[in-house]
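So the structure is just underneath, and the comments pick up after that.
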Amino acid sequence: MGNGSVSGQKKDPPKEQEQQHQEKVARSKSTQLGEFLRRKSGASLVFFACTDKAQVITEILEERGWSRTRDHAVTNFTIKWCLEHQVDWKKFQEGKQLINNIPGQITFADKVNLWYTIRDYINSRRNAVGNHVQTFLPMTFVLDDANELTEFLRIHKKQNRTWICKPRYSYAGQGIHVLSGNSNLESVLKVQSSIGKRTQIQPKFPGHIMQEYISRPLLIKGRKFDMRVHWLVAWTKPLIVFYNHHASVIRLSLNLYREYDFDRATHLTNLSVQEHHYRYATSQEDTGMTMQQLNQYFNKCFRPFHPQLCEDWVLTVMQDRMHTIIRQVIRASKHKLERIAGHFGLFGCDFLLDENFRLWLLEVNDNPGVGWGNTQVNTTTKPLFEETLNIVFECFDKYKHNRPILPVQCLKNYSLIYNESDDKERMVLDDNQLFSDKVVPRPTTKEAPAQPSSNSTALPRLSNTRQSTVTTPSATTEIIARSESILPATNSEVNLSKSMEFRERKERVKPDDAQERLRKLKALKERYTFSLPTRSIDKLNQLSFRRPNSSLVALRRAQQKRRIELKPINSDSKRSKPQTAPLPSCEATIEKENSVIIKPTEADP
């Protein structure tokens, strides 16, 4: 049959009919809101759009009858989509205008401030509820801070780790360097000589952080990947946050992953880095996946070999952990946000999974990229912004008419993950949630001795070898206190899980079978005992070995071929006189000493 229309068409299933009905209702509500605002103002609605989202924002709003202005200094706008530095906050009219920036969002949208904000919040929660609160950021050092720079140099000198250096305000992978543990730091640090023959180490470029690199990431077909997810702060009075799983982007590298391959395309999955790869023109579709495709890949390739993963783990367990991390970011920074009606923000989080399926937050972006090289991923761009604007418009309309913001009626792919008015119980659950199945103490490494250097201004280097023995208690305590449980789980955690799985399999054995097996083994041991007495010439030792009966013939043949040349041992001056007593022959000694004696027990029939 062809694809054309036929007389006997089947009706849509009930779910599809309901979904189409919801889409029509959402579009009608958005149109009604636009018409209401237009009638009330007596003029056409004006919007300003810039950044890389200007094209899709313009297309959506012009279809609804809005008028676009290109004057960035315009003050009579209804909604403005721009960067934070393009906003004149003094002329903003609260409750009458919408803008996609929140004063104070730099506390989590900046790499340095994100580290300080999360670190202080985690420490405060640990002091309040205990040490079970887990962190989700890799160990980070701010190079502009003298104390943190000193601490980083100490750890870099004594431990062989891989690091990644990131600029504070960069995006699209610009200015990021991956450094091995035994490489020098001349590319990011500079040395200055001062009075008194002292050396002063400073960063070459201000505003950089040094972060521990997750060197054992989870791979897809041997390639590294990370996940860009989107969340919307729809309203700030009270703070209401929604999460969109449908528009998430899985970003893959075109190179096979190797930890010590310092090609940027191997470690950075940004589109701006991958599009310069020599295979990008022919493998553009391989640089992106949807969350649904990732879920299918997990069910097919990971779940058969990892029983702890449930079916659809990506869309259930992993999404819940992402929600928890985003809520922790919001709680840590909400007291630093300026709450003004009409402020909203669309943000993006970059997550990474390690080989133990532990989730790590890499960074938060206030102007996240949405489009990607994969055409299947690009189809989610316009629906994401359509639903974003619908949610913001609905919250704006309810605020103007003094109606409760929640529930929001136009939700489709977004889901509510944070409501400031009802967050006490959720906070306790998030604190108790573990981001890995088994949390073990942070593994320690043996501190390598300092490398001697002829030049006093040389930067520290490390040996090429990795060592995994335990360090001294004081050093271990100091390192763990710096960042507890920040490292991804290592082989100790894998061995622990394997031992637990073996213990569970052993416990599942029927007790009757186990007792019967032990009874048979005990009966065999009681029936026959094979002893092999071995005596040296001075009769100092007597060792006994148990050997199976089948190996006695082979053992005797091997003993007959042995030829031992015995010589007297002069261990003392008093014994240095020549011995007159003849020594027994070698064959007789071996035959006597290595004879196998079979001793049947009294219970032997």
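Structure above, values below:
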item	result
Leading residue at positive end of dipole, segment 40-183 (Cβ point charges), from His85, Gln159, Asn101	Gln159
Accessible surface ranking that places the most exposed of Cys410, Cys310 first, with a 1.4 angstrom probe	Cys310, Cys410
Accessible area in square angstrom per residue, segment 214-336, 1.4 angstrom probe	39
Per-selection Rg to Rh, segment 233-385 - Cα, Kirkwood hydrodynamic radius	0.99
Ordering of 170-180, 388-398, 153-163 by packing [mean C-beta count within 10 Å, highest first]	388-398, 153-163, 170-180
Dipole of segment 215-263, positive direction: furthest Cα of Ile250, Ile240, Gly222, with charges on the beta-carbon	Ile240
Total charge dipole magnitude, segment 143-278, about the Cα centre, Cβ charges on Lys, Arg, Asp, Glu only, Debye to nearest 20	180
Which of Phe305, Ile330, Gly348, positive extreme of dipole for segment 295-379 (C-beta unit charges)	Ile330
Heavy-atom accessible surface of segment 121-252: percent carbon and sulfur, 1.4 Å	50
Segment 233-295 and segment 140-167: distance between their alpha carbon centers, rounded to Å	27
Compactness index (Cα Rg / 2.2 N^0.38 Å), segment 77-139	1.60
Calculated P(r) of segment 57-162 - Cα pairs past 18 Å, %	68
Kirkwood Rh, Cα atoms: Rg over Rh of segment 312-399	1.00
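The values are calculated or read from the model by the stated rules, or taken from the named source; none is laboratory data. Bear in mind the structure is a predicted one, so any value in this text is a computation, not a measurement. Quick reminder, even Gly has a Cβ in these numbers, built from the backbone with ideal geometry, and neighbours come from all protein chains shown. Ligands, DNA and RNA are excluded from the accessible area calculation, which covers all protein heavy atoms including side chains. Shrake-Rupley method; radii C 1.70, N 1.55, O 1.52, S 1.80 Å.
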